[in-house]
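Working notes, beginning with the structure itself.
No value in this document is a laboratory result; all are computed from the given coordinates. Since the structure is predicted, the reported quantities are computational estimates derived from the model, not experimental observations. Here Cβ is always computed from backbone atoms with ideal geometry, including for glycine, and neighbour counts include all displayed protein chains.
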Amino acid sequence: MKTMTKKPEILAPAGTLEKLKVAIRYGADAVYIGGNRFGLRSRAGNFSYDEMKEGVDFAKHHHAKVYVAANMVTHEGDEEGAGEFFRTLRDIGINAVIVSDPALIEICAIEAEGLPIHLSTQASATNYETLNFWHQEGLERVVLAREVSMEEIKEIRQNTDVEIEAFIHGAMCISYSGRCTLSNHMSNRDANRGGCSQSCRWKYDLFEIPRPGEQTSVLAGDPVEDFSMSAVDMSMIRHIPDMVENGVDSLKIEGRMKSIHYVSTVSNVYRKAIDTYCRDPENYVFKQEWENELWKVAQRELASGFYYGTPTENEQLFGKRRKIPAYAFIGQVLEYNAETQIATIQQRNNFGVGDVVEFYGPGFTHAYQTIEQLWDETDVPIERAPKAMMIVKMKVNTPVKPFDIMRKKK
C-alpha cells in the first residue's frame, strides 16, 4: 500500500502583485517573484520593496510563501548593492532567495544572515553530490537542472536530505539549464543578466548563397515552412505520482511573464491533481479534464521534457502549431449578489450578449452559460463590453465568487 509522507509544495510564478494574489487564491503554496535587481526577467513586472511587503503580508494571511529570484550571472560591478538588497528582502519577510551565482550566494550568506537560499536551475545541479555540496554550503533547497531524468531524481532523493525543487509546467529553454548567449549575439541583450530576447523562438529560414549578393531559400516551398530552435512546453500533469513518490519537495510552474488567466488555470489544475493523489494514492486515476483545462491556456504543444528520455524532433516546434489554445480571458468577477444573481465583472477582453462563456474559480469549479443581458456600471443596458477594464453587470445562472474568472472560446 502506498503511503504519503509529505505533500509537495506547488510553486507558481508571479510577475506582478495581481498575479501573486491570483496564484495563491487558485492553489499555490508559494510564489516566486523578481525584484528590481539581480533577476533574469528584466521585462517582467518586477516588484518594488513596497509591493514585496504587500505580497508577503497577503501570502502570510493565506499560509503561503514568497521567494525572490536573484539568479543573474554577475559580471564585475553587477554585485554592488547585493548585500543591502538581500538584507532588505530578509527584513521584509521574504521566505527565500533563488540564486545561481556563487558570488551572490556568498554575499547573501554573509551579509543577510537568516535569509534562506535556494540554488537556481541555472546552476545545473544534476547529481546528489552537487546537492550535498550546496547543502554543506548552507543552502536548504536546490532547483534541479531541467535536463535531469526521473530515474536520476529517484537516486538523488535517496542520497541527500536537501530539499528538491523541479519544474512541472511551462516553457522550456532550448539551451542547457537556460544558460544561453544567442540573445547576446543576435540582439545585444544579455540573457544571463535579465535581457533575453528569446532568439530561439524566432522563425528562421535556411539560405544558399551561390555568389555574393545572391541568396536562395533552401526551404522554399508552398508554403515556405519556417523553422526555429524552439522547444515545446513542459507538462507533467500526467505524471504527478512519479514526482511525489520520488520525493520532490516543490513542484515549480514556469511563467512570470504569463497572464493571470495562465497563472490561475495552471495553479488550479495542479492543485486539484496533487490533492487528489495525496488524498488516496492507491486509488488515484488521472482525469483527462485536467489536461483539457491546461490546453485552454497552452501557448505551445506539451511534452514531459527530459524526465523520460532525451527530447526528439517531436518535442520541437517546426512550422505551424499542431494545437492552438481555444479560450480567451474576458473578465474577472468583482462582486456577486445572491438575491438578484447579478455579478459585477471587470472586462479584460471584448464580450457581449449572445456569447457562451465559462466561469471558473479556485477548487476547480466551472459553470457555463449564454450571456442574455448586460448592463454598464450605471445600469444602462448594453450589447457588448468593448472597452478595456470597464465595469459591467450580468445575470449569472450559477453562483460565482469574487476573483472567479470568465472566459470564452475564441
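For the options ALA385, ALA125, ALA326, a Gaussian network treatment of the chain with springs between C-alpha atoms closer than 10 Å singles out ALA326 as fluctuating the most. Compute the separation of the alpha-carbon centres of segment 342-410 and segment 232-270 and state it in Å as a whole number. Going from one Cα centre to the other spans 28 Å. With the helix formula -39500 (n - 2.57) applied to DSSP H stretches of n ≥ 4, the chain reaches a computed 222 nm mean residue ellipticity of -7500 deg cm²/dmol. Placing R0 at 22 angstrom, the Cβ-Cβ distance between GLU377 and ASN397 gives a FRET efficiency of 0.55 after rounding to 0.05.
Taking the charge dipole of the chain about its Cα centre, with +1 at Lys and Arg Cβ atoms and -1 at Asp and Glu Cβ atoms, the residue from ASN95, PHE47, SER264 reaching farthest to the positive side is SER264. What is the calculated FRET efficiency for ASN314 to ARG211, with r their C-beta to C-beta distance and R₀ = 51 Å, to the nearest 0.05? Computed FRET efficiency for ASN314 and ARG211: 0.85. Between GLU155, GLU383, GLU214, the GNM of the chain built on Cα springs shorter than 10 angstrom shows GLU214 fluctuating the most. Taking label points 7 Å from Cα along the Cα-to-Cβ direction, GLN288 and GLU358 give a separation of 1.5 nm.
Loop sites by DSSP among the chymotrypsin sites (Phe, Trp or Tyr not before Pro) of the chain, restricted to those with at most 16 other Cβ atoms within 10 angstrom, leave 1-201 as the longest stretch without any of them. Within the straight-line cut-off of under 12 Å between alpha carbons, the aspartates and glutamates reachable from LYS387 are ASP376, sequence neighbours fewer than 8 places apart in one chain being disregarded. Direction-averaged projected area, Cα convex hull, segment 1-123: 8.6 nm², rounded to one decimal. Each Lys and Arg adds +1 at its Cβ and each Asp and Glu adds -1 at its Cβ; summed about the Cα centre, segment 327-409 shows a dipole of about 320 debye. Cross-link partners for LYS53 among the lysines, with Cα-Cα distance under 23 Å and sequence neighbours closer than 8 places in the same chain left out: LYS19, LYS21, LYS65, LYS252, LYS258.
When the alpha carbon gyration tensor of the chain is reduced to an equivalent ellipsoid, its three semi-axes come out at 35, 29, 23 angstrom, largest first. Dipole magnitude for the chain: computed about the Cα centre from +1 point charges on Lys and Arg Cβ and -1 point charges on Asp and Glu Cβ, it is near 1240 debye. Pick from MET172, MET236, MET186: which residue has the top mean-square fluctuation in a GNM of the chain where Cα pairs under 10 Å get a spring? Of the options given, MET186 has the highest mean-square fluctuation. With the contact rule set at Cα under 8 Å and sequence spacing of 6 or more, what percent relative contact order holds for the chain? This gives 15 percent for the chain.
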